[in-house]
1. Determine the per residue accessible area of region 1-60 with all protein chains present and a 1.4 angstrom probe, expressed in square angstrom.
2. Using Cα pairs under 8 angstrom and six or more residues apart, how large is the relative contact order of the chain, in percent?
3. Could you check how much of the accessible area of the chain is carbon and sulfur, as a whole percent, using a 1.4 Å probe?
4. Loop only by DSSP, 16 or fewer other Cβ within 10 Å of the Cβ. Give me the trypsin sites (Lys or Arg not before Pro) in the chain that pass, ordered by residue number.
5. Any chance you could list P(r) for the chain, counting all Cα-Cα pairs in 5 angstrom bins from zero, rounded to whole %?
6. Calculated from DSSP H runs of 4 or more alone, at -39500 (n - 2.57) each and per residue, what is the 222 nm mean residue ellipticity of the chain, nearest 500?
7. For the Cα atoms of the chain, what angle does the longest principal axis make with the long axis of helix 50-72, in degrees from 0 to 90, nearest 10?
8. Show me, for region 8-17, the HN-Hα J-couplings you get by feeding each phi into the Karplus relation (A = 6.51, B = -1.76, C = 1.60, θ = phi - 60°), rounded to Hz, glycine and proline as x.
Amino acid sequence: VEAIVRDQKRVFPVCAWLTGQYGQKNVYLGVPVVLGKKGIEKIIELQLNAEEMKLVNASSAAVKEVMDVLDKMNLIPA
């Protein structure tokens, strides 16, 4: 909260909506970001090796799988 209120532009690992970063779209994943008065001001895209990208892809797939299950449960009326 302090980083946002004081517009500190500090780097934090947070869960952010990805729109192509790290090759991922339409999924929330934990990534490094810059936080300032506008909230997430920038997603920092690190250079990852093949093994690291494999882990990112696996994480994304797992999140999407859980979200599909939750969507099918109709917990929130449309």
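The values are calculated or read from the model by the stated rules, or taken from the named source; none is laboratory data. None of these values were measured; they are calculated from a predicted model. Virtual Cβ from ideal backbone geometry, glycine too; neighbours counted across all protein chains shown. Accessible surface is based on the protein model in full, side chains and every heavy atom, while ligands, DNA and RNA are left aside. Shrake-Rupley method; radii C 1.70, N 1.55, O 1.52, S 1.80 Å.
1. Result: 69 Å² per residue.
2. Worked out over the chain, it gives 25 percent.
3. It is 59 percent, rounded to a whole number.
4. Filter output for the chain: Arg6, Lys9, Lys37, Lys38.
5. Final binned percentages: 3, 14, 20, 19, 15, 13, 11, 4, 0.
6. -11000 deg cm²/dmol
7. Helix 50-72 sits at roughly 60 degrees to that axis.
8. Each residue of region 8-17 in turn: 7, 6, 8, 8, 9, x, 9, 7, 10, 6 Hz.
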